[in-house]
Amino acid sequence: MFRLDGKVALVTGGSRGIGRACAAALAAQGATVIVNYVRGEDAARAAADAITQAGGKAEICGFDVADTKATEQALEGLVEKHGRIDILIANAGIAIDGLLLRVKDEDLDRIFSTNLRGTLTCARVLSKSMMRPSKTDPKRSGGRMIFMSSVIAEMGNVGQTAYAASKAALLGAAKSIAREYASRGITVNALGPGFIDTDMTQSMTPAMKEQIVKMIPLGRIGSAAEIAAACVFLASDEAGYITGQVLRVNGGMYV
């Protein structure tokens, strides 16, 4: 169940945190995984090496999703190399926190160009690949797109107006693209992680973490592996009748 043998998956922002966990989980189910990174080549290579050492298949590919031309060129190269990309995990994202009165235009541009436009560029380019039959397997068409949103997209948070807006936009985008490509066998869903144990949360003070845990009915911060498990499910054949949905993995923080 949930096997991904023969599938090719691209994980943007896959060198660390949730992205790395998703890459490892997809590979464990048989997918060939492409780990995307921007600057952390060593981290990306370490993520890919860990996958291959565990018996999986992985490679790295560096490009910045905020750079539309570079992204298009990289994705076209990957499609040419592999024949098609079956699974897109649009995980690359940034957060620049600050009260709205202090948010600079350049910060807004950086957040939206990475979190929203970068995701849409990947979806636009790879949709062409997913609609076409595979060169090696003419019967294989369709695909899976999974957009990494956030619990903040739906509940908001002080000091994260721009981040919340960019992640909320992904929800509308996923629903619309799901309708556009459903007839081609492409499903598009979003994941809404809550507070997850990553580099970002590890930098918080114990007092800050305690306050967050009080907001979570399950009484704990989630793990990247739990997000990855949801990602594998949505990428699998078993989730073939699920599209345009938001799967919230947040411990009950927002319901």
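The values are calculated or read from the model by the stated rules, or taken from the named source; none is laboratory data. A quick note: this is a predicted structure, and the numbers were derived from the prediction, not measured. Counting neighbours? That spans all protein chains shown, and the Cβs are built from the backbone with ideal geometry, glycine included. SASA here: full protein model, heavy atoms, side chains in, ligands and nucleic acids out. Shrake-Rupley method; radii C 1.70, N 1.55, O 1.52, S 1.80 Å.
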key: The one condition in (1) open to solvent by less than 50 Å² (accessible area, probe 1.4 Å); (2) more than 17 Å from the chain's Cα centre (by Cα); (3) in contact (Cβ under 8 Å) with a residue 24 or more places away in the chain that GLY156 fails to fulfil   = (3)
Failed item, numbered, when GLY77 is tested on (1) in a helix (DSSP H, G or I); (2) touching a residue at least 24 places away in the same chain (Cβ under 8 Å); (3) open to solvent by 10 Å² or more (accessible area, probe 1.4 Å) = (2)
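Residue-by-condition table, conditions (1) open to solvent by 30 Å² or more (accessible area, probe 1.4 Å); (2) among the aromatic types (Phe, Trp, Tyr); (3) at negative phi; (4) out of contact with any Leu (no Cβ under 8 Å at 6 or more places or on another chain):
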{"position": "GLY185", "(1), (2), (3), (4)": "yes, no, no, yes"}
{"position": "ALA190", "(1), (2), (3), (4)": "no, no, yes, no"}
{"position": "GLY194", "(1), (2), (3), (4)": "no, no, yes, yes"}
{"position": "THR198", "(1), (2), (3), (4)": "no, no, yes, yes"}
{"position": "GLN202", "(1), (2), (3), (4)": "yes, no, yes, yes"}
{"position": "ALA207", "(1), (2), (3), (4)": "yes, no, yes, yes"}
{"position": "LEU218", "(1), (2), (3), (4)": "yes, no, yes, yes"}
{"position": "ALA229", "(1), (2), (3), (4)": "yes, no, yes, yes"}
{"position": "SER236", "(1), (2), (3), (4)": "no, no, yes, no"}
key: Only listed residue being out of contact with any Pro (no Cβ under 7 Å at 6 or more places or on another chain), of a type outside the set (Val, Ile, Thr), over 26 Å from ILE177 (Cβ atoms) and free of Cβ contacts under 8 Å to residues at least 12 places away in the same chain, chosen from ASP109, ASP97, ASP49   = ASP49
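I need the full set of residues from region 1-48 which are charged (D, E, K, R) and farther than 15 Å from ILE87 by Cβ, in order please. Give the steps one after another, and end with the answer.
Taking region 1-48 and keeping what is charged (D, E, K, R), we get 3, 5, 7, 16, 20, 39, 41-42, 45.
Passing the criteria: ARG16, ARG20, ARG39, GLU41, ASP42, ARG45.
So how many residues does region 26-50 have that are surrounded by 24 or more Cβ atoms within 10 Å (Cβ to Cβ) and either touching a His at 6+ places or on another chain (Cβ under 6 Å) or not in a loop (DSSP other than H, G, I, E, B) (or both)?
Step one: list which residues in region 26-50 are surrounded by 24 or more Cβ atoms within 10 Å (Cβ to Cβ), which gives 26-27, 31, 33-37, 44, 47-48.
Filter again for either touching a His at 6+ places or on another chain (Cβ under 6 Å) or not in a loop (DSSP other than H, G, I, E, B) (or both), leaving 26-27, 33-37, 44, 47-48.
Qualifying residue count, region 26-50: 10.
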